[in-house]
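Step one of this worksheet: look at the structure below.
The values are calculated or read from the model by the stated rules, or taken from the named source; none is laboratory data. Keep in mind that what you see is a predicted model, and the values were worked out from it rather than measured. Counting neighbours? That spans all protein chains shown, and the Cβs are built from the backbone with ideal geometry, glycine included.
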Amino acid sequence: MKKQDFYYDLPKDRIAQTPAEPRDSSRLMVVHRDTGELEHRHFYDIVEYLNPGDCLILNNTRVLPARLYGVKEDTGAHVEFLLLNQKANDVWEVITGPGRRAKQGARFTFGDGILKAEILEVLENGNRLAQFQYDGDSIFPVLEKIGEMPLPHYITEKLEDSERYQTVYSKELGSAAAPTAGLHFTKELLQKIADKGVQIGYVTLHVGIGTFRPVKAENIEDHKMHSEHYHISAETAKLIRDTKANGGRVVAVGTTACRTLESVASLYGEIREADAWTSIFIYPGYKFRCIDALLTNFHLPESTLIMLVSAFYDREKILEAYKTAVQKNYRFFSFGDAMLLL
């Protein structure tokens, strides 16, 4: 298939710059895959579409304040780091800007010296491996103090409350981007869902910045996915197996939860406890092995995420639903509205 097969026209004013208030007041397009019917609701109506005995699987990753602004030690030149993946205790893969200042051996300071870094290696993809130094047992408190939230490039307005780029159930630090389908939930809405008899389980997939990397290959089969770390507990795995055995549906909240579950199912032929890295690329023709329903936001044209959604339903019908969303003034991307595919 060609990259342009997943293109749609999106006016810039449809890109949400700020999150909805309250979280669950965003809009919800409900797509019935069996009939093709589209319903236009609000997110808090999602309770109506979940049944007792279903399970809702959420990604409990927490976004790192991973954008750092500092200076080069010997020249005082300004530099920006974006932390991507933790490779060892204090060694991280980072994106640096401008890159020419971050040659092997270059040293940088951040936050008036409370964090320092040395470039160990320039990688083939242009990213760097950096060794960090700080006082204390963990870099995470330092990042919480001096780091900034790494919002996607298409969000240009300043985020007043950084917690609005975290889900209310975020727990495990490690993502470079939020699992945005989960941003719509409030604690009260999750309680209503649980009260209905829907079981809630958690997986962890640390979202990489590669989520926003455009597909450059004309033939999508030639695209290489970034690798992301995931974990699924024995408890969550059992919940999913029991749900399936009892005739309930597994509802994945977001493409990250979907990729986690489908990675495990593809690797082991079942859902089981697992802790590994995945570079799974789901596009039309993929046979889903675990999920029965998908909650997701509206994604960028020609992105791997719209390809995943198209694989779960039908490419032409997804593009038609997106066209309808544009016509009906839905809000798009990370802070935008949601789509529930049943």
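Residues that are more than 30 Å from Gln191 (Cα to Cα): which strands (runs of 3 or more DSSP E) entirely in region 26-82 hold 2 or more of them? Can you show your working first?
Numbers: elements: 27-31, 38-42, 55-59, 61-63, 67-72.
Of the strands (runs of 3 or more DSSP E) lying wholly inside region 26-82, those with at least 2 residues that are more than 30 Å from Gln191 (Cα to Cα) span 67-72.
Within region 250-289, can you find the residues that are closer than 13 Å to Leu308 by Cα, in contact with a helix residue (DSSP H, G or I) (Cβ under 6 Å, 6 or more places away or on another chain) and not hydrophobic (A, V, I, L, M, F, W, C)?
Gly254, Thr255, Tyr283, Pro284, Tyr286
Which of the residues belonging to region 137-169 are in contact (Cβ under 8 Å) with a residue 24 or more places away in the chain, polar (S, T, N, Q) and surrounded by fewer than 16 Cβ atoms within 10 Å (Cβ to Cβ)?
Thr156, Ser162
Residues of region 210-257 being acidic (Asp, Glu) and either touching a residue at least 24 places away in the same chain (Cβ under 8 Å) or surrounded by fewer than 12 Cβ atoms within 10 Å (Cβ to Cβ) (or both), which ones?
Taking region 210-257 as the starting set, the residues that turn out to be acidic (Asp, Glu) are 218, 221-222, 228, 235, 242.
Result: Glu218, Glu221, Asp222, Glu228, Glu235.
Taking the stated definitions as given, is Phe6 in contact (Cβ under 8 Å) with a residue 40 or more places away in the chain, surrounded by 15 or more Cβ atoms within 10 Å (Cβ to Cβ) and more than 28 Å from Ile318 (Cα to Cα)?
Here the answer is no, as Phe6 does not meet what is asked.
Rundown of residues vs (1) closer than 30 Å to Thr186 by Cα; (2) under 24 Å from the mean Cα position of the chain (by Cα); (3) modelled with pLDDT of 95 or more; (4) not in a loop (DSSP other than H, G, I, E, B), yes/no style:
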position	(1), (2), (3), (4)
Arg100	no, no, no, yes
Phe108	no, no, yes, yes
Asp112	no, no, no, no
Lys116	no, no, yes, yes
Ile119	no, no, yes, yes
Gly126	no, yes, no, no
Phe132	no, no, yes, yes
Lys145	yes, yes, no, yes
Tyr154	yes, yes, no, no
